[in-house]
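Scroll down for the structure; my scribbles are underneath it.
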Amino acid sequence: MGLQQVLWLTARAALVFPLGAVVVMAWVAYVYFFKSEFPPGLGSPVKIRIYHIVSMAIYGLGYLGWKIGLCEEHTVMRRLIDGIPARKAKTLRIRDLQFDGVTVRVFQPKAPDTKLRKGILFFHGGIGMWGSIDSHERMCHFLAREGNSVVVSVGYRLAPEYPYPSQYLDCYAATIHLMKNAKDYGVDPECIIISGDSLGGTFAASICQELVKETNLPKIRAQILLYPFLQAIDFNLPSHQQNRLVPPFHQRTIVEAGVQYLGEKMSLAKELRKGSHVPEDMKMKLRNWINPDLIPKEFKLRGYKPSPPAVFSPEVYHQSQKAFDTRFSPLLAEDDVIRQLPEMFVLTCEYDVLRDDGLLYKKRLEDAGVPVTWYHLVDGIHGALYFIDLVVLPVSGTKRGMESVLNFVNRL
């Protein structure tokens with residue numbers, strides 16, 4: 001089902017159940033006016049407002065369509081994120097392949113080269129349930145085209161049809177396949193870069209951590225994390241407080257979707273947001289890794305108030321064991337793993353609830369002596385680079401962000 005079919009589906013839902021459509025429109029208005037914030041420094045505020053209204057309306061009508069039996073629950077959100085297809089790339093050879101049973105899309109420059117190219121593995125975001133190799137194809141086009149690199153985009157299986165950690169395992173399997181067969185795809189095995197945005201950044205970070213244990217494979221040259229999700233310990237960091245209602249994904253949406261991705265009950269999301277899942281001894285151990293005091297003062301100027309400590313619940317702790325897995329929370333990796341990681345590029349966005357995850361991981365790697373290149377989009381939102389190469393309604397900061405990634409790749 002393409003985007004046009006999704007639009008037709010939502011229109012049909014509105015026609016079949018007009019009262020429900022009115023309710024959806026009322027819900028959109030309520031969320032827009034009372035449950036969303038557009039801070040003064042936000043880039044392209046009018047465009048962001050338009051995207052927010054359109055996406056909420058389509059999602060709401062799609063949800064209505066699901067309730068009355070016109071589609072499956074996740075169909076509309078997935079197709080909405082797939083968005084507008086990328087334009088044909090005349091300078092690239094694009095193939096859909098299988099890497100050990102995992103679907104991948106390989107982007108190779110057509111221009112001949114006398115030497116093997118850099119290889120960029122890319123894991124798309126979407127909280128493990130949305131997104132695809134189609135949704136992030138524009139980003140891969142840009143990296144392959146402008147960076148003269150071979151880009152491999154991994155189409156991992158999605159939850160809930162394929163429960164966690166299927167997504168991580170697919171990404172890991174595709175990574176190992178490329179590392180073992182790099183030259184078959186014109187890739188220099190000594191210059192493989194692992195990258196991803198949002199939850200794709202989670203996969204990139206955790207796979208780099210896993211690979212430090214491997215002794216019979218080439219070393220990963222670098223990792224690129226774009227506004228990554230890296231920890232499920234503290235959802236009251238400054239960025240969570242400041243940006244909890246900033247589109248496109250509110251804090252509550254991200255936490256609830258994360259709980260769904262892990263296959264847990266939705267009631268757990270509220271407890272995670274409070275912090276009642278973390279025992280006191282663990283807080284003491286992690287305070288040097290995950291702590292509001294580690295966030296530079298300039299990122300607290302928009303307002304931050306330390307939250308009162310949550311009452312620990314052993315029951316909630318037991319229910320949330322997956323949240324402590326380093327495949328989901330790479331910031332929890334031990335120091336001996338962190339010290340062995342490849343150099344990192346991390347991009348953070350000011351108006352993103354996940355901003356501080358990137359800042360905390362940046363500090364951990366710097367403290368461990370790992371080279372870090374950091375780029376901060378002062379006017380950016382979560383998912384900012386998703387809008388690259390869009391002719392209609394381009395978003396501020398997107399090109400700057402992608403060029404910062406490109407500059408990092410080109411100097412490796």
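Evaluating 6.51 cos²θ - 1.76 cosθ + 1.60 at θ = phi - 60° for every residue in the stretch 316-325, the Karplus couplings come out as 5, 4, 5, 6, 9, 4, 5, 5, 8, 5 Hz, glycine and proline recorded as x.
Please say if the stretch 291-374 is rounded, prolate or oblate, where rounded means a/c under 1.5 for a ≥ b ≥ c the square roots of the C-alpha gyration tensor eigenvalues, and otherwise the choice is prolate for a/b larger than b/c and oblate otherwise?
Numbers: a/c = 2.15, a/b = 1.15, b/c = 1.86.
Oblate is the answer for the stretch 291-374, as a/c is 1.5 or above yet b/c matches or exceeds a/b.
Under 18 Å from a label point set 7 Å out along the Cα-to-Cβ vector of Asn148, the amide N atoms of the stretch 166-195 belong to 186-193.
Longer than 25 Å from Cα to Cα, which of Lys180/Lys213; Lys213/Lys363; Lys47/Lys90; Lys183/Lys363 are they? Say none if no pair is.
Where the Cα-Cα span goes over 25 Å, the pairs concerned are Lys47/Lys90; Lys183/Lys363.
Springs between alpha-carbon atoms under 10 Å, Gaussian network over the chain: tell me which of Gln223, Gln321, Gln340 tops the mean-square fluctuations. Per the Cα network of the chain with a 10 Å cutoff, Gln321 tops the list.
Let me know the charge dipole size of the chain about its Cα centre in debye, to the nearest 20, where only the beta-carbon of Lys, Arg (+1) and Asp, Glu (-1) is charged. Let's see the in-between values first.
On the way: 48 positive and 41 negative charges, 197 e Å.
Rounded to the nearest 20 debye, it is 940 debye.
Just from its helices, what would the mean residue ellipticity at 222 nm be for the chain, if runs of 4 or more DSSP H residues each count -39500 (n - 2.57) and the sum is divided by every residue, rounded to the nearest 500 deg cm²/dmol? Show your work: numbers first, answer last.
Values: 15 runs with 172 residues, N = 412.
Taking each H run of at least 4 residues, the total per residue is -13000 deg cm²/dmol.
In the chain, what percentage of the DSSP-assigned beta bridges are antiparallel, given to the nearest 5? Once the DSSP bridges in the chain are tallied, antiparallel ones form about 30 percent. Candidates Leu412, Val337, Tyr351 compared by Cα position along the dipole of the stretch 324-412: farthest toward the positive end lies Leu412, with charges placed on Cβ. Evaluating 6.51 cos²θ - 1.76 cosθ + 1.60 at θ = phi - 60° for every residue in the stretch 365-376, the Karplus couplings come out as 5, 4, 4, 8, x, 8, x, 10, 10, 10, 10, 10 Hz, glycine and proline recorded as x.
Net length available on complete extension from Trp27 to Asp367 is 117.8 nm, with 0.36 nm assigned per residue and the Cα-Cα distance removed. Phi-derived couplings, Karplus 6.51 cos²θ - 1.76 cosθ + 1.60 at θ = phi - 60°, listed residue by residue for the stretch 239-253: 5, 5, 5, 6, 10, 4, 10, 7, x, x, 10, 5, 4, 4, 4 Hz, with x used for Gly and Pro.
Taking all Cα pairs closer than 8 Å and separated by 6 or more residues, the relative contact order of the chain comes to 16 percent.
Ranked by the mean number of other Cβ atoms within 10 Å per residue, highest first, peptides 208-218, 356-366, 371-381 order as 356-366, 371-381, 208-218.
Cut-off 16 Å, label point 7 angstrom out along Cα-to-Cβ of Leu412: give me the residues of the stretch 302-346 whose amide nitrogen falls inside. Hits in the stretch 302-346 for Leu412 at 16 Å: 341-346.
Under 15 Å from the Cβ of Ser307, count the other residues' Cβ atoms, weight Lys and Arg +1, Asp and Glu -1, and hand me the total. Intermediate results must be reported in sequence, preceding the final value.
Numbers: positive: Arg244, Lys270, Arg273, Lys274, Lys283, Arg287, Lys300, Lys305; negative: Asp234, Glu271, Asp293, Asp356.
Net of charged neighbours comes to +4.
Read-outs: derived from the displayed coordinates by stated rules, not from any lab. Keep in mind that this is a model prediction, so the values were computed, not measured. When we count neighbours, we look across all protein chains shown, and the Cβ atoms used for this are built from the backbone with ideal geometry, even at glycine.
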